[in-house]
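To keep things clear, I will list the structure first and then write my remarks on it.
Rule-based calculations on the coordinates, nothing more; no lab input. Because the structure is a prediction, the values reported are computed rather than measured. We place every Cβ from the backbone using ideal geometry, glycine too, and count neighbours over all the protein chains shown.
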Amino acid sequence: MSRVGETRERGMAVLMTVDRAEVDRGNPPAGNDPASHLRFLGDHIPGGMIYQLLMEPGGGRRFLYVSAGVSRLHGHAAEDVLGDVRLLYEDIHPGDRERLAAAEVEAARTMTPFACEARVRGADGCYRWSYLTSEPMARPDGAILWNGLELDITERKRAEGALRESERQLNEAQRLAGLGSWELDLAHDRLTWSDEIYRFFEIDRERFGASYEAFLDAIHPEDRAAVNEAYRTSLERMIPYAMTHRLLMKDGRIKFVEERCETTFDASGRPLVSRGTVQDITERKTASDALAEALAFRNQVIQSARDGIIVYDRDLRYRVWNPAMERISEVCAHEVLGRRPEEVFPFLGPVGVLQRLHCCLAGETPDLIEFPVPLPSGRFSWATDASSPLWDHEGRVIGVIGIVRETTAQHEAEEALVRSERLAAVGKLASGVAHEFNNILAIVRIETQLLAMDPALEGKTTAEERLATIEEQTERGSRVASGIMAIARPTPPQLARERVADLVDRVLAVQRTALAGENIEVRVEVPGDLEVLADGGRIQQVLLNLVLNARDAMRPQGRGVVSMAAVRDENAREVRLRIADSGVGMSRDILDRLFTPFFSTKGAFGGPFGSRGNGLGLAVSYTILQEHGGRIAVESEPGHGAAFTLIFPCPERVLGDATMRGES
Amino acid sequence: MTMPDVNPVPRSLLLADDEPAICRSLESFLGGRGFRVSAVTDGSSALRALATGSFDIVLLDVNMPGTDGVTLAREARRHYAECRIVLITGLLDTERLRADIAPLGAVTVLSKPFHLKDLVAALEG
């Protein structure tokens, strides 16, 4: 055991005289000697050391005692430190010496303890953190005795640094995420907010603390009840909650936050701590609101459109089928969406819509098409389809968009118009027929009445002449009837290759003498090899009709020229036979009505045989040319003659078309 | 078949119809009944006749090339305020025709085929 010397100072001073060599580092002292226990204690302060320093009035200082910890903390033997005080002072980090010295001076002046933290060089030569505290005691001789303690706080400092860093990182992360956190200690009614919450609520952290009132105050008045209710329910049912609500800022701005909260409970179910996060989702909410609004607007447009809107994807599957489409097709969206047109509407192939959709996929924009739509109800409607490719922003076709418009009403109106025009035409024709027959009947009736009268009253005309007139009128009626039939129900012509020259010759053969007798010269310019596909009899009927018209037109002048010329137009692939006269010509008014049944000018120049036009000749001629796939053109001016041109398709064209249709 | 007696006083009559057979037969028939008949087969000739001749009665077909019967009737009324006008027509629908001639005062319309007895009644009043 060590020897302990007497001292008048406090217990610690007693240790001054301890012989360092006698210190037992391993085992505590066995006896009841307090000095031994104190020394043992001093040597075993965990992570620290105690010391006693004497500061003499002259300024000199020396350690009176240092505990064994000095070798652990500083790597110096206690004896060395007792011999040279500078050893420890030099271990203090130069950056901290001044502060430490100032603390010591102040403590000496006021004679109060000082405490400070400083970096101190350790046994390994590296700086570590020490907590230094010392209490000054004045001695009668003017010296100051310092009783001090040095503790290694490096670990604590590191932990503090780590904590500070992790807090800094958390704050930074919260700031970046727009996320704040809060904690409500229900047992102690203590609320803490993270920096971000102050920032969200725009509350000055330095001036106002966290409070539930401040929180409620920041919530939008319309949302307060819901937030309260959500929290209350979560406590009651012991479940977490999450909700989105608004914050109303002092200046009227609105923020959207997403709130999540979870509460811990004790064994009896009493709530202990509620912890929550608040995330500012204003930007996200604004963007998603804008998107939702844009989508809603797009939907409103599609839903409200009066025309049908269809969108197909690249596989031609229906993606959009708006209510107008449901109305037009009588088929609901759920029956078509995701399916392909040919599966739902087999008729789209035959009417050409399907092919157009494929054109659209190839980037083309086909013309509008109108087609009949068979409806599930058994009715038919009409619709137009305007389809076009659907392009993405990089110019790729990603589908097809179709606008469908129902045209049933227009179609029916058009049909009704055609029908009424046809009826009007039929009415005109019927009235023309009736007029013609009434004239014939009038003649027949007059003649029969006159035949039945007293011969004395019937004048110079003989019964035979009257009977001949009746016979003539019967013939005339018969001709009118066959003319009507030719117009009303044309029978297909018996087409054969005919040389135009032959057709002309056959007509002139029977008329040339009669024409010559009326001072009418006939000129023919028809290439011998020019052929047309024609029903010879019918075309001759047309030619005869035109020649007789020409003759009648030249009668008032008493002379004239009829020229017949044929050419082949290779461009138009047509053969044209032109019959021109030098007669009286026709006005525009007459030309307009020339091919109308029962329109005639013949009465004015009625022939010597009592013949007059029945107004059917040109109408029938026109029908005959139409049956040949051709037409009749006419040009004339009053006083300058008239020219009728019969236009036939070239035989090769007719035969070629027939071959293409697979006909023989 | 019987007919009223022949007119005691011959009256002049303009007959215009583009049906030559009608013209011919009526000219002969009416001539035999004491009318002095001038017959023409087109509107233009009828106009010329109205301008140069003097008629107690005009008997006009409505549908004629050139100048139609209604125009001729107007012309006749202009020339001879007191003359009797008879129109003959093969048209079935005479409503429009009657509207057209309404301003001309008393005009008789006969539809073809008519009975000669009715024609004579219309001409003689």
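Descriptive notes on the structure:
- Kirkwood Rh (inverse of mean 1/r, distinct Cα pairs), region A:176-293, angstrom: 15.0
- Only Lys, Arg (+1) and Asp, Glu (-1) charged, at Cβ; region A:533-585 dipole about Cα centre in debye: 140
- Globularity index of region A:271-331, i.e. its alpha-carbon radius of gyration over 2.2 N^0.38 Å: 1.94
- Compactness of region A:374-513 was expressed as the Cα radius of gyration divided by 2.2 N^0.38 Å, which yields 2.13.
- Its DSSP H runs of at least 4 residues, each contributing -39,500 (n - 2.57), put the calculated 222 nm mean residue ellipticity of chain A at -13500 deg cm²/dmol, to the nearest 500.
- A:Ile520 sits among other residues whose Cβ lies under 12 Å from its own Cβ, and their net charge, with Lys and Arg +1 and Asp and Glu -1, is +1.
- Cα-centred dipole magnitude for region A:320-395, charges only on beta-carbon of K, R (+1) and D, E (-1), debye, nearest 20: 240
- Rg over Rh for region B:75-125 works out to 0.97, using Cα positions for both radii and the Kirkwood form for Rh.
- For A:Glu330, distant residues with modelled amide H under 5 Å away: none
- Of the DSSP H helices in chain A, those whose Cα atoms cover at least 24 Å axially and whose Kyte score averages -0.5 or more: A:282-304, A:408-452, A:463-488, A:500-517, A:536-554
- Convex hull per residue volume in Å³, alpha carbons only, for region A:241-381: 234
- The charge dipole of the protein assembly as shown, taken about the Cα centre with unit charges on the Cβ atoms of Lys, Arg (+1) and Asp, Glu (-1), comes to about 1680 debye, rounded to the nearest 20.
- Farthest towards the positive end of the charge dipole of the protein assembly as shown, among the residues A:Gly641, A:Asn27, A:Ser211, is the Cα of A:Gly641, using unit charges on the Cβ of Lys, Arg, Asp and Glu.
- Principal axis extents of the C-alpha atoms in region A:297-454 (largest first, rounded to whole Å): 101, 30, 29.
- Whole-angstrom gap from region A:514-556 to region A:276-317, using each part's C-alpha centre: 77
- Alpha carbon centroid spacing (whole Å) that separates region A:47-72 from region A:219-240: 63
- Placing dummy labels 7 Å off each Cα toward the beta-carbon, the span from A:Glu465 to A:Ala173 is 13.2 nm.
- Legend: calculated FRET efficiency, A:Arg523 to A:Asp589, from the Cβ-Cβ distance at R0 = 30 Å, rounded to 0.05, equals 0.50.
- Of the residues A:Pro366, A:Pro346, A:His334, the one whose Cα sits farthest toward the positive end of the charge dipole of region A:331-383, with +1 on the Cβ of Lys and Arg and -1 on the Cβ of Asp and Glu, is A:His334.
- Lysine pair number, Cα distance threshold 25 Å (strictly under), the protein assembly as shown, separation 8 or more or different chains: 7
- P(r) tail fraction, region A:83-224 - alpha-carbon pairs more than 27 Å apart, %: 51
- Taking all pairs of distinct alpha-carbon atoms in the protein assembly as shown, Kirkwood radius in angstrom: 41.3
- Remark: region A:307-318, residue by residue, has Karplus-estimated 3J(HN,Hα) of 8, x, 10, 10, 10, 10, 8, 4, 8, 6, 9, 5 Hz, where x stands for each Gly or Pro and the curve is 6.51 cos²θ - 1.76 cosθ + 1.60 at θ = phi - 60°.
- Length available on full extension from A:His188 to A:Glu326: 0.36 nm per residue minus the Cα-Cα distance, which gives 43.2 nm.
- Largest-first principal axis extents, alpha carbons of region A:390-442, Å: 83, 18, 10
- Packing here is the average count of other Cβ atoms within 10 Å per residue, and on that basis the peptides A:623-632, A:182-191, highest first, run A:623-632, A:182-191.
- Only one residue of A:Gln174, A:Ala580, A:Ala290 has its Cα farthest out toward the positive end of the dipole of chain A, where Lys and Arg carry +1 and Asp and Glu -1 on Cβ, and that residue is A:Ala580.
- Distance between modelled label sites at A:Ala434 and A:Ala572, nm, 7 Å Cα→Cβ extension: 4.0
- Kirkwood Rh and Cα Rg combined as Rg/Rh, chain B: 0.93
- Radius ratio Rg over Rh of region A:232-318, counting only Cα atoms, Kirkwood formula for Rh: 1.27
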